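What follows is one structure encoded as structure tokens, with my remarks underneath.
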Amino acid sequence: MFVMRFEVRNFRNLEEEEIFPCEDVNVIYGGNAQGKTNLLEAIWLFTGGHSFRGARDTELPRLDPETGKNTPGTALELDFFSEEREQNAVLQIENGRRTSWINEVKKNSGTALVGKVRAVIFSPEHLLLIKEGPAHRRNYIDTALCQIKPGYAALLNNYRRALMQRNALLKEIAKNANIPDTLELWNARIVKLGTQVILERGRFIEKIEPDIQEIYSGIARGREKIQVCYCPSVKDGASQEEIESLFLQELERTVASDARTGFTSIGPHRDDLALTIDGNSARIYGSQGQQRSAVLAMKLAEAKILTDFSGEPPIVLLDDVMSELDQERQDYLLNHLQGQQVFITCCSPETVSLMENGMRFRVEKGVIFPEEL
């Protein structure tokens, strides 16, 4: 799929702008705080998701420079090609509430757009995938699986609810010794649901790792090798039966310590993803450029998995991706991402000069200027 035309009105610092991007690489460049990321954020909202910057919908309408108040009439419109036909989507944001239209059919919320426009986003915040704790890496796996695996979101939510119930029960065990008998019921449910989560995550990493390795090798020009390994807290189990048996044993073994903390210490909510570059931890030993390249490879591999699932590539949005990358890595992103529409933001005009094909747009004070290569 790809964007044919995009129009924005009264969004962030963008007053009224319209662009006609190409089907390949589109570079949006300009100084800091000019509106580059705002453009990508507006496109991302058509996926039906929240702002990737963590903003509330009430913060998205443009502020009137004279009154300092939100400007009414925030609207976004997207003409895109998908499912072998031209389509149109409109999104309005008023008083923190979204209304959408898909091919002129009105919907009651922005979530109706889910599945209509598919995109993968990289932003500097995604560097936390490597720099911070396991929760960020688990979220990477779960977010991707929710898009490509029907039913996974429900499975994950059911596991989390069962986990909350078990944790609540653990907190009561220290107060009432007669309660532990009921813990067996929640142990059984957590084992059943948690094992399915572990298996789904393991299969996903096994499938996506070759793509991550290939893309990383391209970005690094073959100078380095990345490895990605799923690390469940329930170790050594291969089959479903083995994992379930080991999982239950661990829950029973740790019940006393879990009761003291009021928290379940074993399960997929404690799993991690190990990333190494040339055999060394990417988090501990990776340079800034290597870490950024690793996360980029993970996000671009996610786009490939979505392509395999849906039959057409998603839109790729890369925000502030060029900083801390050497010229060869920048060249790969600008000139070697084939077969998909890409939007890249950057600050440096020198970086833009590396482009061989595609389109570029200069953004200044919320105004977008298309430029010839």
Worksheet item: List the lysines whose alpha-carbon lies under 23 Å from that of Lys106, not counting same-chain residues fewer than 8 positions away?
Response: Lys116
Worksheet item: At a Förster distance of 41 Å, what's the computed FRET efficiency of Glu364 paired with Arg161, Cβ-Cβ distance as r, to 0.05?
Response: 0.25
Worksheet item: Over the Cα atoms of segment 101-198, how large are the radius of gyration and the largest Cα-Cα distance (Dmax), in Å?
Response: 19.0, 61
Worksheet entry | Computed label-point distance, nm, for sites Asn357 and Arg223 using a 7 Å Cα→Cβ extension | 2.6 nm
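Would you calculate the convex hull of the Cα atoms in segment 129-284 and tell me its volume per residue in Å³?
118 Å³
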Item to complete: Sequence neighbours fewer than 8 away in the same chain don't count; with that in mind, list the aspartates and glutamates whose C-alpha is under 18 Å from Lys171.
Response: Asp181, Glu184, Glu252, Asp258
Practice prompt. Show which lysines lie in cross-link reach of Lys69 when reach means a straight Cα distance below 19 angstrom and same-chain residues fewer than eight apart are skipped.
Written response: Lys365
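Ratio of the chain's C-alpha Rg to 2.2 N^0.38 Å, to two decimals?
Against the compact-globule rule of thumb, the ratio is 1.10.
Where a number appears in this text, it was derived from the coordinates with a stated rule and is not lab data. Just so it is clear, the structure is predicted and the values come from calculations on it, not from any experiment. As a convention, Cβ positions derive from the backbone with ideal geometry for all residues, glycine included, and neighbour counts pool all protein chains shown.
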